[in-house]
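J.: Dropping a structure here in structure tokens format, bear with me for questions.
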Amino acid sequence: MNPGRSLYLPRRRVMRGVLATAAFGVTSRLWTGCTPTSESQASSSTASGKLLQIGFIYVGPKDDYGYNQAHHEGEVGVAKLSWVKTEEQASVPETTDVEEAMRNMIEQDGAKVLFPTSFGYFEHILTIAPKYPDVQFFHCGGLYQEGKHPKNVGSYFGYIDEAQYLAGIVAGHTSKTGKLGFVAAKPIPQVIRNINSFTLGARSVKPEITTQVIFTGDWSLPVKEAEAANSMADQGIDVITCHVDSPKIVMETAEKRGIFCSGYHADQAKLAPKGYLTGAEWDWTTVYTNYAEMIHSGKTLMNGGIPHIVRGGLKAGYVKLSPYGPAVSATAKKDADIAKAKFKDNSLVIYQGEIKDNTGKVVIPVGKAYKQQDRTLEQMNWLVAGVVGNA
Amino acid sequence: MATEALGWWGVPLGIAAGTLRGSAPFLFVSLGECLTEKSGKINLGLEGTLLMGAMSAYAISYVTQSPWLGVLVAGLAGIVLGSIHAFLSLQPKVNDIAVGIAMIIFGSGVAFFFGKPFIQPVAPQLPALEFGAWSSQPQVQSALEICPLFLIGVAIAPLMQWFFQSTRWGLLIRAVGDSPDAARAMGISIFKIRLLCIITGSFLAGVGGSYLSLFYPGTWTERISGGQGLMAVALVIFARWQPMQCLYASLLFGGAQAIGPALQSVGVTSYYYLFNASPYILTLAIMIVTCSPKRTLRGAPGTLGSSH
Amino acid sequence: MLNHYHWRGTLEAVCIPIAAIFFSLVLFGIFCALAGADPLGVYASIYKAAFGSWFSFQNTLIRASPLMLTSLCTALPAQLGLMIIGNEGAFVIGGIGAVAVGLAISSAPPTVVQLAMAISGIVCGGLWIGAVGALRYYRAVNETISSLLLNYVAIALLNHLVSGPMRDPSSLNKPSTYPIPALDMLGSIPGTRVHYGLIYGLIACAITYFLMRRTTFGFAARTIGGNIRAARIAGLPVGKLTVAICFLAGSCAGLAGMVEVAAVQGRANESLNANYGYAGILVAFVARYNPLAASLVAVLLGGILASGGILQRLHSLPDATILVFQGLVFLVVLYSESLYGRFRVFQDQSTVRRPPSVPYVPRPTSL
């Protein structure tokens, strides 16, 4: 209808259409709509026997153009499976709230699988999981430790820094001033790894390039994010990317200032039709569908059928790159595509010595390479040479 | 030349530009709150009004493709919320601070509820006036892109000052705020004056919200206000209930938002949480220094905070 | 005022809030109907999620327990005529203080550690709001605004400490302090999943009720709240009482922060700032500053909050619905304040009206 509004509304409409044609879908929708009590609901889902009840919990609103929306789109994707029934709860803070939300989903709605998607939920999952040994908890980003954590807890995450590395290549080719900008929420390993990979990608094509990083201090501070983007533009930075919950403002500010931007979490091309280069996106649909199918075939965390730690990058399809924007040159596309192919056949390792941090200290010596699955990388607390800023 | 970096010069420029960009919401909310408090009531609910204004302006601008209509509707939304606040807080025994906090929850709830479909779309923005064409520096040009709405706010401040000092209506409002008994003896309807003040104040806050979503940062998300509505309430006290000082204080608070990012962009990276809290600490410090039990705060409405 | 029993007055105090809640439910039902949900189904869900079973009632109690304590932070100074809204800040500061002490002496026996954490939370929160009271009395700084500002300062301080000086380097993606050893954590009340914070809350409400209504101290405080000039003429130590009551108020919120740390989070991090403080303010207002009523109102609000999830899961209403519901309930209940004394049915012949409240003036010449 209207070109302006799309990203998720039509998708949802499409989903409804798909469901309406599938008999199971219709009945499952009806249950959500009409059953006021959960006892009858739990019994009806057990009566039909086959529906796998999956609960999703988000820390913010599920339509934030960012982190939570990416997970919500994964939920919409997995809900397309006819034998899956999903439920969601959004804006659940990382307090007893999330513990109660999990209990309710399990006890009242009969959920057998839970995806509490915020990193800060992990401690709360560890509290709840031992009490429901037959329910499986999959946590986004957490670090499962064999023997230390309950058997029914698993963790998954995507190597989004691979996509950031590619975005860095594109940014490096596009930047005329040799200065890139990164608006970041907090100096934590997940964010730092993205900053470093983005910078390493850019420096792989232009070794003298620098990335200015500004930490706003919190996951969603619109005015600070806009200020950060503006002050970067004032400093002559001409490509900006970010790691905040909702990249919308950074993209729009960059477009207003007439500089380039590179997205995060989801595709933000519509927000910056001129300056959008590419972006690092999640593809949780793949992850959630894989899990659902494993569980459907009888595998569980408890019987060892499902690995406790699931990680994947471009190769596994857990992350992807936004389509290139109009400003991306042919060389940039070519270089990024070559690197992408190398990620897919595992021949490219981002963290390969020698790498110095931005204080000149060698953090990865010559000959040493940390592959993506290396746990050391998940504890990264240094910024690579070329990054302007302190972690 | 055009893209030359400014280095340390970027800090004052960044703060100046941040001031021009970011102080309008503070200005509108604080002027609205100033009017409300002059009549003797406090409206903490302007935080909710700001969100409601931001949401409705963005929604209307998107639906009708006319940002100025969005500004108008934001003001109307402010009037609606203001009427609720006024009606409730003017009942006997009802505490205006309590109603204000309930209005924050209610206003933000309604704004979030109806704002869901408008997070994704891109709405037309308010135009900017280019005051920087004389400069060859793109940074300066960009810093001097000023929204007409901000200029309107700047114009309202002296007008309101004049209104309080030199008009009969301004005198009435001050009388109602300072000594309701005297006002009552003069035959003034305290209820009507306060009702009008609260509603007009809320209208201004709604317009301030439209600036957030239609100019800077220029988008609708649920975190857009970031507590600016509550902050502006403190700002009025900082400004001693003087509209002109509200203007200066808004510029100061708007600029303070830019301090953290501007310093980081030249490499000062520690203590950004404390930098971010600087406006609050500053206000508190100034209150401590300037308040004294020995004398009355100049300009303070006499009945403020009491249940008269 | 409370010398003998006025059953009509009590009936009024029970009937008006209940009627207000019913009316707000009707309004919310209309809102839901307009939003395309079935109001009756929504009512059933709210009831079921909040009070319908022991399982769900525990959820309500868990949410209510911090609110009981934080509400006292507003309710106690209100007896003096002070409007303090710094609950969130005192809560956060109490949490930080508890963690700092808990970590410093973690080698001591668990009971000692828990006691020390509680005292630290109480003292830190108490000093935080006590300072507001002192500023009010000695510098005439408006307590509403200064306590509001201190909330932001407390949150900034929390963020600064957990991401820097107090950070546990192994808290990777969510900067936090070092964890309190599991042994030193407060457990749950036996047979439930409700933590001991509920007991603390109930005890604190009972003690403060007794203190304010049955002791000379409380009488003195209420005298100041009723008429400060009369209090001063009577020779009451207004300054000391102001600071003492504010300290007490802050210590309640600080204790809530300690419970959040010692029973729920196990460490201090940004999750401490979970709006328990702001919710507590409303509880205090709705309970008309009565500590016993505050415990009941806290349970009511806990119930409302507990039903937020089911509205999303069963009725496909957005997450903001619960804010609208909460806002409606509070607006209507606050409006109902003005209805006291308007119905003849509730009028006792001997009912003594409250004296008209006079604004709190620290010294005769001021603001």
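Derivation of every value follows stated rules applied to the coordinates shown; laboratory data play no part. Owing to the predicted nature of the structure, the values given are computational and were not obtained by experimental measurement. Backbone-built Cβ (ideal geometry, glycine too); neighbour counts: all protein chains shown.
J.: Just the ratio, please: alpha-carbon radius of gyration of chain C over 2.2 N^0.38 Å, N its number of residues.
T.: Output field value: 1.03.
J.: Here's a follow-up. Where does the protein assembly as shown land at 222 nm, in deg cm²/dmol rounded to the nearest 500, when only DSSP H runs of n ≥ 4 count, each adding -39500 (n - 2.57), divided by all residues?
T.: Estimated from H runs of four or more residues: -18500 deg cm²/dmol.
J.: Determine, for each peptide in A:102-114, A:289-301, B:254-266, the mean count of other beta carbons within 10 angstrom over its residues, then list the peptides with the highest first.
T.: Answer by packing, highest mean first, reads B:254-266, A:102-114, A:289-301.
J.: If you average 1/r over all unlike Cα pairs in chain A and invert the result, what Kirkwood radius do you get in angstrom?
T.: Here the Kirkwood hydrodynamic radius works out to 21.8 Å.
J.: May I ask what percent, to the nearest 5, of DSSP beta bridges between residues of the protein assembly as shown are antiparallel?
T.: Approximately 25 percent, going by the DSSP bridge assignments.
J.: Counting alpha carbon pairs within less than 8 Å and at least 6 residues apart, what relative contact order, in whole percent, applies to chain B?
T.: 37 percent
J.: Can I ask one more? Stokes-Einstein at 25 °C, 0.890 mPa s, Kirkwood radius from Cα pairs: D for the range A:122-188 in µm² s⁻¹?
T.: The diffusion coefficient I find is 162 µm²/s.
J.: Hey, what's the per residue convex hull volume over the C-alpha atoms of the range B:7-290, in cubic angstrom?
T.: Cα-based convex hull of the range B:7-290, divided per residue, equals 140 Å³.
J.: Roughly how tilted is helix A:189-205, in degrees to the nearest 10 and between 0 and 90, from the longest Cα axis of chain A?
T.: The answer is roughly 40 degrees.
J.: Among A:Ala266, A:Ala280, A:Ala228, which one moves the most in a GNM of chain A with springs linking Cα atoms closer than 10 Å?
T.: Greatest mean-square fluctuation among the candidates belongs to A:Ala228.
J.: For the range B:1-112, what percent of Cα pairs sit more than 18 Å apart?
T.: Here the long-distance tail beyond 18 Å is 59 percent of all Cα pairs in the range B:1-112.
J.: In nm², what is the average projected area of the convex hull enclosing the Cα atoms of the range B:58-104?
T.: Spelled out: convex hull of the Cα atoms, projected over all directions, averaged, 3.4 nm².
J.: If you take each beta carbon of peptide B:79-90 and count the beta carbons of other chains within 10 angstrom, what is the mean?
T.: 1
J.: Could you tell me the relative contact order of chain A? Use alpha-carbon pairs under 8 Å, at least six residues apart, and round to a whole percent.
T.: 16 percent
J.: Can you give me the C-alpha center-to-center distance between the range B:104-122 and the range A:99-168, rounded to a whole angstrom?
T.: Centre-to-centre (Cα) distance: 29 Å.
J.: Further question on the same structure: Let me confirm one metric for peptide C:149-158, namely the mean number of other chain beta-carbon atoms within 10 Å of its residues' beta-carbons.
T.: Mean shielding by partner chains, rounded to a whole number: 6.
J.: OK, next. Over the whole of A:210-220, what's the average partner chain Cβ count within 10 Å per residue? Rounded to a whole number, please.
T.: 5
J.: Let me ask something else. Report, to two decimal places, the Cα Rg of the range C:255-330 normalised by 2.2 N^0.38 Å (N = number of residues).
T.: Working it through for the range C:255-330, the quotient is 1.23.
J.: Using a Debye calculation, one point per C-alpha and no hydration shell, please list log10 I(q)/I(0) for the protein assembly as shown at q = 0.06, 0.08, 0.09 Å⁻¹ in order.
T.: Normalising to I(0) and taking log10 leaves -0.45, -0.82, -1.05.
J.: Determine the distance separating the Cα centre of the range C:179-247 from the Cα centre of the range A:280-341; give it in Å without decimals.
T.: For the range C:179-247 versus the range A:280-341, the Cα centre distance is 55 Å.
J.: Follow-up question, since we're still on this one. So, by mean Cβ neighbours within 10 angstrom, what's the order for A:81-93, A:152-164 with the highest one leading?
T.: Ranked from most to least packed, the peptides come out as A:152-164, A:81-93.
J.: Across 5 Å bins from the origin, how do the percents of Cα pairs in the range C:83-169 run, short distances first?
T.: 3, 16, 20, 20, 17, 12, 7, 4, 1
J.: Stokes-Einstein at 25 °C, 0.890 mPa s, Kirkwood radius from Cα pairs: D for the range B:201-265 in µm² s⁻¹?
T.: Diffusion coefficient, whole number: 190 µm²/s.
J.: Further question: I'd like to compare B:196-202, C:93-99: which one has the highest average count of other Cβ atoms within 10 Å, and what's the full order after that?
T.: C:93-99, B:196-202
J.: Please report Rg over Rh for the range C:52-206, where both radii come from the alpha carbon positions and Rh follows the Kirkwood definition.
T.: Result for the range C:52-206 is an Rg/Rh of 1.00.
J.: With a point put 7 Å past each Cα toward its Cβ, work out how far A:Ser329 is from B:Asp181 in nm, to one decimal.
T.: About 8.1 nm separates the two model spin labels.
J.: A further question on this structure: Using Cα pairs under 8 angstrom and six or more residues apart, how large is the relative contact order of the range B:158-308, in percent?
T.: Relative CO of the range B:158-308 lands at 26 percent.
J.: What is the distance in Å between the Cα centroid of the range C:31-98 and that of the range C:293-330?
T.: Measuring centre to centre over Cα atoms gives 8 Å.
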